[in-house]
1. Among B:126, B:150, B:166, which is surrounded by fewer than 19 Cβ atoms within 10 Å (Cβ to Cβ), modelled with pLDDT of 80 or more and under 30 Å from residue B:53 (Cβ atoms)?
2. Give region A:136-156 a look and list any residue that's part of a helix (DSSP H, G or I), in contact with a helix residue (DSSP H, G or I) (Cβ under 9 Å, 6 or more places away or on another chain) and more than 7 Å from chain C (Cβ to nearest Cβ), or say none.
3. Filter region B:271-288 for residues that are free of Cβ contacts under 8 Å to residues at least 24 places away in the same chain and under 10 Å from residue B:259 (Cα atoms) and give the result.
4. Name the pairs: first residue in region B:313-325 and within 14 Å of residue B:288 (Cβ to Cβ), second residue at pLDDT 80 or above and surrounded by fewer than 19 Cβ atoms within 10 Å (Cβ to Cβ), Cβ to Cβ under 7 Å, at least 6 apart or on different chains?
5. With region B:1-91 as the region, which strands (runs of 3 or more DSSP E) entirely inside it contain at least 1 residues that are away from ligand 4 (no atom under 16 Å from the Cβ) and closer than 18 Å to residue B:123 by Cα?
6. For region B:253-271, enumerate the residues that are touching a helix residue (DSSP H, G or I) at 6+ places or on another chain (Cβ under 9 Å), on the phi < 0 side of the Ramachandran plot and within 16 Å of ligand 2 (Cβ to nearest atom).
7. Looking at this structure, is residue C:75 surrounded by fewer than 15 Cβ atoms within 10 Å (Cβ to Cβ) and outside the structural domain of residue C:204 (by TED's automatic domain parsing)?
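The values are calculated or read from the model by the stated rules, or taken from the named source; none is laboratory data. A quick note: this is a predicted structure, and the numbers were derived from the prediction, not measured. Because the Cβ atoms are built from the backbone with ideal geometry, glycine has one as well, and the counts that use them run over all protein chains shown.
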Ligand SMILES: Nc1ncnc2c1ncn2[C@@H]1O[C@H](COP(=O)(O)OP(=O)(O)OP(=O)(O)O)[C@@H](O)[C@H]1O
Ligand SMILES: Nc1ncnc2c1ncn2[C@@H]1O[C@H](COP(=O)(O)OP(=O)(O)OP(=O)(O)O)[C@@H](O)[C@H]1O
Ligand code: SF4
Ligand SMILES: [Mg+2]
Ligand SMILES: [Mg+2]
């Protein structure tokens, strides 16, 4: 039985945004529940995929795991230690264990540093290395992510989207972490390099026993690389289970819509619920005023089909994440 | 009515000069492309193969001081027929000795002025671009509605503000932003990524351009919104008939939307033809790179077995030291003994295989 | 394998080419000129220390009052007390240099500290610094200096401390603004995630890589400003006090004789001020362009 490396319990992260200039008088602050009561665990050697709509809080979860932003409530237990309670200094040893591949490739690299210094820095944070060793390690890293040596003396602004992405991956690998939050590591890459990155992540997992939290919009890759998948909607996990089951036997209406809207599938697949993408009903959700009760109700085809049952609107009866067997959890009153 | 392609790119070369390496970075190195009216050209290719730089060259956005553009970009629409690179050569002087570039002189101010003169009334009006990162490309301090209205008043015949506003709302509705009247007054940062992307598309379309360049319009969006944007672009193609240059890594999106596909590698086009031929694995005359690229897409079997994906072996191309001969020959798996010598020493041309299918490979020279 | 050699040069080592090799010609000229001025300043100290001056700058020669340049062995002539202008000119810079450095050091060090506190650690410090800034801005600087002079004595060091302190908010707000801008990008967060200590992030990522041009410009401007400040104070009689020579009091003393057509006692130090200030400005500009890789048009 593999050890649990990371356990997240009832994690909450609310962003508080000052409203307009009159807020002090009104006393009203806009609260964005970016992550609202999320629990999951990841074992050693395991990959958990995290998918969901843009802006549903995936990156925010990743950032809290690295203690890059304070949590509002909840516990994050890494290696049997609650890291939310640690001071930054006490957390320092954990920085070696947990790393992140950042989503925003333009912003995560210091624009004034050459690629060589960026990689060198990552290599030397936790280890003392001689120049020769650094050169060798950089060479190895470049080989792993398939980046040309001649790009080492460039500044990030001079690289193409995919090249920046690979620098980001190389930097995260340089530290030698055991747990990697990979925030869309394959976006902006061509399919061949995408394949290389996926293979690399798989290899590292096999050889070094890494665990990943794999955030991505590419559902095929998520299904391929993850052991289990969590689907998020509006700051909450709405469905969680084994990758294959989430993809092929989804129980939550949102999951079903998500997978059926894969561009390649669209033409042939018939799903249990119709997405009705032609109609303009698929509005953007409003974080400030989430629907009471089930948050997905305003868009939910099942809710429509069942004639808008009141249970979906009742705040006190908001659906809970319930186990429906085989480590499969759904947050819905009427699972498919 | 004009005949012929809306945009013709002939032998476009965009080089950056790296002083520290004393060498040219040949980001775009001899690209030939054509886009017919009302059609969509999809561009796929290796990351770093110069897709974005090609698009930027068309938009006249290469201004980084040591950048050099040579070649022809001809835009021929109803109102304008022009070579967009007219006269740019006059602003660059290159000193060579013994085959090496020793120095580049560039009159930056003149270059920029010339570009601005050429692109005046073209950028935004005839060609508009959907950038990959909408939040960066929109002004964060102005509401999306007024940005679109401004663009309409600047670029179309509608000069009346209230009419322009009506038109802006129409476009917001067209891109399926719900309650457009409400969203009209939103700042870009008040929108989620997908919304902002759509607002950006609305803005690009609102000037009713002859040519739309979309650089990875769907990256970073989740599957539902991706399919929405794909639907939108497809719908626009059938109703409005915009000519589009679509750059994407998502082969499925390209397959769904394009009529023609160009496959780029190392700054040049390796294959150019109808989408259904180029992107179908079974097609007979296929460039080895395209074949390898298609093989890297995860298929049902990979997913089911959670196996390794098939990646193209070998290193990505170095844009400074581009190999002589065929650019792809270091990594090519279809190379045969018969053509080995040619592959290593001579670069093949983009050869017509059938009516409108061109391939740059020695394999298809003998037949 | 054949490579297209006409464009590329085989690159053996990708390590960074030192930045001065990539600088544009004009920047090199600017910086060389600036460095030349700095060398002259240092030269002044050497000349002073080894007694290599043509004359003793303090020696009064009542027989040779206002001797014109090139006469009786005085290259630039003598002033109204018969002192050798060249020697006084050479020594004159010493009145500024160390005090000027002090002003710069105060402005840069304190300004950076406050800027980092406000920008990196947040709003509490931010408010305090804004208040201090407003406080200092509400006093005209000259008034503050005159107050200081009145309270203590007209010493150039006191004055420069004030000049330095009044520059602190300027530097602080520049640094603060820059850091707040940088924090919106995620690379500071990425550096934290790597496990870098705050110290390293602040000094390396923020100050060295992204703020050094601001600091260099501020430092060289500060030096130029110190010289100008002393000159204007000399005009009011509060600058460096006779008999210690400074360019400011030389100009001031010489100006009285301009009406009589005796231009040299004031022209020489005025030109010296001009060229020195220009030197510091160009030094800052050129260094900035080099470090920022901005090419000259
Ligand atoms: N620093 C912040 N201050 C205020 N709100 C924030 C901040 N960061 C994120 N948010 C909000 O929190 C929500 C979740 O953001 P997050 O970046 O986690 O989304 P995501 O799931 O990663 O989306 P994407 O797929 O587009 O990357 C968004 O609505 C966003 O507007
Ligand atoms: N300003 C620049 N200076 C030097 N080299 C540059 C500059 N801009 C781009 N390049 C180089 O030009 C090449 C092509 O870049 P481009 O952005 O067109 O790639 P791309 O095909 O769009 O790739 P991706 O799919 O990863 O975005 C890259 O190798 C990049 O490093
Ligand atoms: S020309 Fe030769 S090396 Fe190039 S792709 Fe064709 S077969 Fe391969
Ligand atoms: Mg994200
Ligand atoms: Mg690109």
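1. Details: B:126 fails: surrounded by fewer than 19 Cβ atoms within 10 Å (Cβ to Cβ); B:166 fails: under 30 Å from residue B:53 (Cβ atoms).
Within the list B:126, B:150, B:166, the selection yields B:150.
2. Of all residues in region A:136-156, those part of a helix (DSSP H, G or I) come to A:136-145, A:149-153, A:156.
Add one more test, that the residue is in contact with a helix residue (DSSP H, G or I) (Cβ under 9 Å, 6 or more places away or on another chain), and what stays is A:137-139, A:141-142, A:144-145, A:149, A:151-153, A:156.
Matches in region A:136-156: A:137, A:138, A:139, A:141, A:142, A:144, A:145, A:151, A:156.
3. As a first pass, look at region B:271-288 and keep what is free of Cβ contacts under 8 Å to residues at least 24 places away in the same chain: B:276, B:280-284.
Of everything in region B:271-288, just one residue is free of Cβ contacts under 8 Å to residues at least 24 places away in the same chain and under 10 Å from residue B:259 (Cα atoms), namely B:276.
4. The qualifying pairs are B:314/B:330; B:325/B:344; B:325/B:345; B:325/B:346; B:325/B:347.
5. Working: elements: B:7-18, B:23-35, B:40-45, B:68-76, B:81-83.
Counting at least 1 such residues, we get B:7-18, B:23-35, B:68-76, B:81-83.
6. Of all residues in region B:253-271, those touching a helix residue (DSSP H, G or I) at 6+ places or on another chain (Cβ under 9 Å) come to B:253-265, B:267, B:270-271.
When the remaining residues are screened for being on the phi < 0 side of the Ramachandran plot, the result is B:253-265, B:270-271.
Those that are touching a helix residue (DSSP H, G or I) at 6+ places or on another chain (Cβ under 9 Å), on the phi < 0 side of the Ramachandran plot and within 16 Å of ligand 2 (Cβ to nearest atom): B:253, B:254, B:261, B:262, B:263, B:264, B:265, B:270, B:271.
7. Details: surrounded by fewer than 15 Cβ atoms within 10 Å (Cβ to Cβ): no; outside the structural domain of residue C:204 (by TED's automatic domain parsing): yes.
In short, no.
The rows are residues; the columns are (1) at pLDDT 85 or above; (2) surrounded by fewer than 18 Cβ atoms within 10 Å (Cβ to Cβ); (3) within 14 Å of chain C (Cβ to nearest Cβ).
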site	(1), (2), (3)
B:259	yes, yes, no
B:269	yes, no, no
B:322	no, no, yes
B:347	yes, no, yes
